[in-house]
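Nothing in this text is a laboratory measurement; each read-out follows from the coordinates by a stated rule. Bear in mind the structure is a predicted one, so any value in this text is a computation, not a measurement. Neighbour counts run over all protein chains shown; Cβ positions are idealised from the backbone, glycine included.
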Amino acid sequence: MHSLPVSLTDAEIEAFGAELDAIQREVRASLGASDRAYIKRAITVQRSLALGGRLLIYASLPLLPAAPLFLGVIGAGTASLALAKILENMEIGHNVIHGQWDWMNDPEIHSSTWEWDNVCPADQWKHSHNVVHHTWTNVMGKDRDVGYEILRVSDQQRWKPAHLAQPLYNALLATLFQWGVAMHDVDLRAPRAETRAKLFGIGRKAARQLAKDYVLWPLLAGPFFLPVLLANLTANLARNLWTYAVIFCGHFPDGAHVFTEAQIAGETRARWYLRQILGSCNITGGPLFHVLTGNLSHQIEHHLFPDLPSNRYPAIAPRVEALCGKYGIPYNKGTFTRQLGTTLRTIFRLALPTRRALAA
């Protein structure tokens, strides 16, 4: 087995894994009423923000002749709608579809029934994300999240002339992020019937989303169709940019490692834990910030325990960090500006050929 970038014996790695297993068992055994109340409250807040945002958007329309007042009210409505969409995608949809709340046996809040406010069908996302990404985290050639298959995010990836345009690809991916997620599970090398079925599923889901946000809600405004359409477009754009930033901050800042298949051959559960930590990055911030990221600001803990409820990650994180310190394992955390800044710097730098890539 090829070594991972840490100086630990096999016995030490297994002992480290056993301590993480103990944390997981302890947290799982303690799940109960307070956790149930948390997710139900989160859903109530999200739906209230969505309804309040829609009402404010419509309430602004008669104020159109008074431009400053109109802009203030429709801006508040759009911001509320954007927050609702961020909460639904990040703290609720992403985590419910991960199965974090399946233990409640609530048919309305279950990974088998939840369909999120996103053009990507939940069943396809469960495969591309829950199965592929979380199994093969940061393994080149296996994990499609490594640069989303269009960006070069490590100098271990071979440079191609097409990478010269990756700053543009990156900007487009950020702007249209839900569409990038939607296409994530489509493999053009797969049998045609499988590819057609997935594209049909995306088309059907996208048609519903586009009709809801850009036809039905604006039509309710009658002659004010365009302002409502633009408000919905702005809310979706804000959600896309925020989701992109949070996810990229969790995977591509300085210090995040990528791996080859040879390095993980014969990987044990403990070594899988180690790879999750080495390939993931946390973002520091306050309680509200963590909720708005879907607690993916605790990306390390999420990758270690993807099916534990996200509201538990803030309490787990200090224990995981202390455990990493005990075993001398790097624990990558930094401010939002640091993590996003180094990510963008890497994307721009690796648009050009690097020495290692040229040598390869």
Cut-off under 5 Å, modelled amide H: who pairs with Lys333 long-range = Asn282
Label-point separation, Asp254 to Gln24 (7 Å along Cα→Cβ), nm = 3.2 nm
May I ask you to evaluate 6.51 cos²θ - 1.76 cosθ + 1.60, the Karplus curve with θ = phi - 60°, for each residue of region 149-158 and list the ³J(HN,Hα) values in order in whole Hz, giving x for glycine and proline?
-> 6, 10, 10, 9, 10, 9, 6, 7, 7, 5
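Among Thr335, Thr293, rank each residue by its count of other Cβ atoms within 10 Å, from fewest to most, as a rough exposure measure. It would help to have the intermediate numbers written out before the result.
Details: Thr335 12, Thr293 26.
Least to most surrounded, the residues fall as Thr335, Thr293.
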Note the count of lysine pairs whose C-alpha atoms are less than 28 angstrom apart in the chain, limited to pairs 8 or more residues apart or on different chains.
-> 19
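Excluding Ala18 itself, what net charge comes from residues whose Cβ is under 15 Å from its Cβ, given Lys and Arg +1 and Asp and Glu -1?
Numbers: positive: Arg25, Arg269, Arg271, Arg319, Lys326; negative: Asp10, Glu12, Glu14, Glu19, Asp21, Glu26.
With Lys, Arg at +1 and Asp, Glu at -1, the net is -1.
Return the FRET efficiency for the residue pair Leu55, Leu226: r is the Cβ-Cβ distance, R0 is 22 Å, and the value is rounded to the nearest 0.05. Write down the numbers at each step before the final one.
Details: r = 19 Å, r/R0 = 0.85.
After rounding, the FRET efficiency stands at 0.70.
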Relative exposure of Glu115, Glu108, Glu301, judged by other C-beta atoms within 10 Å (fewest first) = Glu108, Glu115, Glu301
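Order of Glu321, Glu149 from fewest to most other C-beta atoms within 10 Å? Numbers along the way, then the final one.
Values: Glu321 17, Glu149 12.
Final ranking by Cβ density, sparse to dense: Glu149, Glu321.
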Backbone HN-Hα couplings from phi across region 99-107 [Karplus 6.51/-1.76/1.60, Hz, Gly and Pro as x] | x, 5, 10, 5, 4, 6, 6, 9, x
Placed amide H near Val139: partners under 5 Å, 5+ positions off or other chain = Phe259
Membrane-span-like helices in the chain: DSSP H runs reaching 30 Å or more (Cα, own axis), mean Kyte hydropathy at least 0.0?
-> 33-60, 225-249
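Could you tell me the calculated FRET efficiency between Thr335 and Ala207, based on Cβ-Cβ distance and R0 = 35 angstrom, to the nearest 0.05?
Values: r = 40 Å, r/R0 = 1.14.
The pair Thr335/Ala207 has a calculated efficiency of 0.30.
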Over all Cα pairs of region 160-297, how is the pair count split among 10 Å bins, expressed in % and running from 0 up to the last occupied bin?
-> 10, 23, 33, 26, 7, 2, 0
Taking 0.36 nm per residue of separation between Ala265 and Arg349 and subtracting their Cα-Cα distance, the length gained on full extension comes to 27.2 nm
FRET efficiency, 1/(1 + (r/R0)^6) with R0 56 Å, evaluated for Leu69 and Asn130 via beta carbons = 0.75
Around Ala79, with a cut-off of 13 angstrom between Cβ atoms, what is the net charge of the other residues, counting Lys and Arg +1 and Asp and Glu -1?
-> +3
